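The values are calculated or read from the model by the stated rules, or taken from the named source; none is laboratory data. Keep in mind that this is a model prediction, so the values were computed, not measured. In this analysis, Cβ positions are derived from the backbone assuming ideal geometry, glycine residues included, and neighbour counts consider all displayed protein chains.
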Amino acid sequence: MAGRLIAVVGPSGAGKDTLIDAAMEARPDLYKARRVITRPSNSGGEDFDGVSEADFAERVAAGDFALHWDAHGLRYGVPRTIERAMEEGRDVIFNGSRGILAHAYELYPNLKVLLITASPDVLAARLASRGRETREKIEQRLARASYDIAPGLPVYQVTNDGVIEDAVADFLSALQPESA
């Protein structure tokens, strides 16, 4: 049985990486896709492979990515290694972009989407505490925080506004096969 592809999406500051990390701790059977990003590896945040624009372009041309997209002035890629994990029957989880979901669903019809949300006040506080962006950049991210996901995709929403344990429980519940 092939594993599912699980895209975790939502606005910056919603807690996607926190929830993915909690899921990985609770469910070691999951395979977490390590993203490739055109940002220095030491810039903080999630664990990722930082590459130059040129290296990223070479990897796209070589077909190294199952999925890739541009967002926030950066390029993001999910390596093809996810396909082997799914062939082995493992569910693959990745931090994705709402903008690529329709394309991802065409490629991987077993795609499930977990939309992580939080209130604008919580998002603003979390983004400010990261210290990576100016106030103007934070306001731009907040303005993009609430756009629709392509219709027809299987989406499960998790609100991460309060106690983290509640959001983690909801997130883990969404990963169960019967909620697919």
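For (1) among the acidic types (Asp, Glu); (2) on the phi < 0 side of the Ramachandran plot, each residue gets a yes or a no:
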| residue | (1), (2) |
| --- | --- |
| Asp49 | yes, yes |
| Ser52 | no, yes |
| Gly89 | no, no |
| Pro120 | no, yes |
| Arg130 | no, yes |
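Just wondering, is there one or more residues in the stretch 59-71 that are acidic (Asp, Glu) and either more than 18 Å from Asn110 (Cα to Cα) or touching a residue at least 40 places away in the same chain (Cβ under 8 Å) (or both)? So that I can check it myself, show each step before the final result.
So the first thing to find is which residues in the stretch 59-71 are acidic (Asp, Glu), and the list is 64, 70.
From what's left, either more than 18 Å from Asn110 (Cα to Cα) or touching a residue at least 40 places away in the same chain (Cβ under 8 Å) (or both): 64, 70.
Yes: one or more hits.
Is there any pair with a first residue in the stretch 102-120 that is in contact (Cβ under 8 Å) with a residue 40 or more places away in the chain and a second that is of a type outside the set (D, E, K, R) and part of a helix (DSSP H, G or I) whose Cβ atoms are under 7 Å apart and which are 6 or more apart or on different chains, and what are they?
Within 7 Å, the pairs are Leu111/Ala104; Leu111/Tyr105; Val113/Leu101; Leu114/Phe171; Leu114/Ala174; Ile116/Leu19.
Within the group Ala180, Ala174, Ala143, Ala169, which residue is modelled with pLDDT under 85, under 21 Å from Leu30 (Cα atoms) and not basic (Lys, Arg)? Break it down stepwise before answering.
Values: Ala174 fails: modelled with pLDDT under 85; Ala143 fails: under 21 Å from Leu30 (Cα atoms); Ala169 fails: modelled with pLDDT under 85.
Being modelled with pLDDT under 85, under 21 Å from Leu30 (Cα atoms) and not basic (Lys, Arg) holds for just one of Ala180, Ala174, Ala143, Ala169, which is Ala180.
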